[in-house]
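Data first, discussion second: the structure below is written as structure tokens.
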Amino acid sequence: MIRFFAAPIAAIALLTATAGGAFAEEFDTRDIMGGGPNFFRGGANPVPRTTVMYNGNYAPGTIVVNTAERRLYLVLQNGQALRYGIGVGRDGFRWGGVHKITAKKEWPEWTPPSQMIARRPDLPRHMKGGIENPLGARAMYLGSTLYRIHGSNEPETIGQAVSSGCFRMTNDDVTDLYGRVGVGTTVVVLNN
């Protein structure tokens, strides 16, 4: 299997080395095979995912969203958590409470709620899942609310307060979190 991929990768490396500087800087051979930095069309994450010490009094597996910090924590064992950067609701759209993940979807379709359509009549009434969809690569639905933890086709909004109440993540981060949690996971939203 390695031999099968070695020749095309070597050819690409040779082309990259002999091409102009701008091409060599922007081109990543991992994109050809999938999984490179542009695979989810997300660009660089402005708030990298990291493991941190975490003092919260929550069971491992709990998701804690801190809207003031604009961070999401997945509580791990031994006083640690995975910390992700998120986009949160803008003024007037932040909220708090405890819910459970009631559904998970890959490349979800999006139907803006009527409240959002009233504010933004220019929005489409429905979008099929895909790279252009504002819900991104994955979505985790929170209880009976209209809110989700979801990916984004606008990674530059991570760390910002711009949504209508949902929690945005880069497609890479939401895919990572999606693989670590299941339906029934407790989500605590702290709105300080």
What are the residues in the range 78-94 that are free of Cβ contacts under 8 Å to residues at least 40 places away in the same chain and over 15 Å from T186 (Cβ atoms), if any?
-> N78, G79, Q80, R83, G92
Can you find even one residue in the range 165-172 that is surrounded by 15 or more Cβ atoms within 10 Å (Cβ to Cβ) and more than 23 Å from G61 (Cβ to Cβ)?
-> yes
Per the filter on the range 95-115, residues within 27 Å of E132 (Cβ to Cβ), open to solvent by 80 Å² or more (accessible area, probe 1.4 Å), over 16 Å from the mean Cα position of the chain (by Cα) and in contact (Cβ under 8 Å) with a residue 24 or more places away in the chain are Q115
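Identify all residues within the range 62-108 that are of a type in the set (D, E, K, R) and at pLDDT 95 or above; write none if there are none.
E69, R70, R71, R83, K100, K104, K105, E106
Residues checked against (1) of a type in the set (D, E); (2) more than 21 Å from L74 (Cβ to Cβ):
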site	(1), (2)
P113	no, yes
R119	no, yes
D122	yes, yes
N133	no, yes
Y147	no, no
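For the range 72-86, which positions are part of a strand (DSSP E or B) and either under 18 Å from N171 (Cβ atoms) or in contact with a helix residue (DSSP H, G or I) (Cβ under 7 Å, 6 or more places away or on another chain) (or both)?
L72, L74, L82, R83, Y84, G85, listed by residue number.
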Could you please find all residues in the range 116-149 being without any contact (Cβ under 8 Å) to a residue 40 or more places away in the chain, open to solvent by 40 Å² or more (accessible area, probe 1.4 Å), more than 19 Å from G87 (Cβ to Cβ) and not basic (K, R)?
-> A118, P121, D122, P124, H126
Taking the options V98, V64, V162, name whichever one is of a type outside the set (S, T, Y), assigned to a strand (DSSP E or B) and farther than 22 Å from R49 by Cβ.
-> V98
Right, D176: under 27 Å from G56 (Cβ atoms), touching a residue at least 24 places away in the same chain (Cβ under 8 Å) and surrounded by 18 or more Cβ atoms within 10 Å (Cβ to Cβ) or not?
-> no
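The values are calculated or read from the model by the stated rules, or taken from the named source; none is laboratory data. Because the structure is predicted, anything quoted here is derived from the model rather than measured. Every residue, glycine as well, gets a Cβ built from its backbone with ideal geometry; the counts of neighbours run over all protein chains shown. All accessible areas refer to the heavy atoms of the entire protein, side chains included, with ligands and DNA or RNA removed. Shrake-Rupley method; radii C 1.70, N 1.55, O 1.52, S 1.80 Å.
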